[in-house]
1. Out of segment 147-181, which residues are within 16 Å of Asp114 (Cβ to Cβ), of a type in the set (D, E, K, R) and touching a Pro at 6+ places or on another chain (Cβ under 8 Å)?
2. List pairs: first in segment 116-130 and free of Cβ contacts under 8 Å to residues at least 24 places away in the same chain and under 17 Å from Ile63 (Cα atoms), second charged (D, E, K, R) and not in a helix (DSSP H, G or I), Cβ under 6 Å, 6+ apart or cross-chain?
3. Being among the acidic types (Asp, Glu), free of Cβ contacts under 8 Å to residues at least 40 places away in the same chain and assigned to a loop (DSSP other than H, G, I, E, B) narrows it down to one residue among Asp61, Asp44; which is it?
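What follows is calculated from the coordinates using simple rules that are stated; it is not laboratory data. Everything numeric in this text was worked out from a predicted model, so none of it was measured. Glycine gets a Cβ as well: all are built from the backbone with ideal geometry, and neighbour counts include every protein chain shown.
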Amino acid sequence: MIVVTPTRARRPSSAQLDRARSAALGALEDSAAVENLRLFYDRDSNYAGRSFLAVGPVEYDSITAADLYATSLLGISVGPRAGRQLLQGGTHRNDALKALRMVPAETDLADADDTVLDAAENLHLHLKNALGGNKWVAASKLCARKRPRLFPVRDSLVTRALLGVGQDRRVDWLVYQHLITDADVRRQLEKVTQESAIRESDLHDPPLRILDVVLWMHVKTTG
């Protein structure tokens, strides 16, 4: 049985918020941020770029082989058993689709309240259960493919090493919510995006996704 703990019982501390904000601004203000973003979206590079969200079919209320392929572009391997459970019917797929359809497709993390985050956590837990084992990163990336305006990718390189959280998904989401609503972070994110001059079609990726990219590339390239 999947049990969701209410958001109000799991909040980031002011120290966590301050550290994450400082780290995010440091990555956004790095002189390499513009070139890193440009490289990630370069269609001749081997980075996922726009393909993560654009490779089709894109079906917001279903889970398809294209979703698993898109997730693989971020370094995730979905095994045969998990693939069957998510694609070929049965309890896991039925539960995951029911949970997915409870999460609004057009809600931004910036606007998400406790009710939306409860639904988001329910989806994350069902996907994690279907993927098997402690696949919190895989579940996060699949969630980000299905609801990119709401879910950050939340991998260990960024969430743990850079932002200093990563122990509780609800705390992490609220940290990202703090970042994406911070005026200085948004201003710098817009500046980096504009200066990168990436293709207009790639700019359809929501700000949360582009922030993810900047932070991940910062950690990846600075080692």
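1. If the condition is that a residue be within 16 Å of Asp114 (Cβ to Cβ), of a type in the set (D, E, K, R) and touching a Pro at 6+ places or on another chain (Cβ under 8 Å), then Asp172 is the only one that fits.
2. Going by the 6 Å Cβ cut-off, the qualifying pairs are Lys128/Lys135.
3. When all the criteria are applied, what remains is Asp44.
This table checks each residue for (1) aliphatic (A, V, I, L, M); (2) surrounded by 14 or more Cβ atoms within 10 Å (Cβ to Cβ).
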site	(1), (2)
Gly56	no, no
Thr64	no, yes
Leu68	yes, yes
Ile76	yes, yes
Gly83	no, yes
His92	no, yes
Leu100	yes, yes
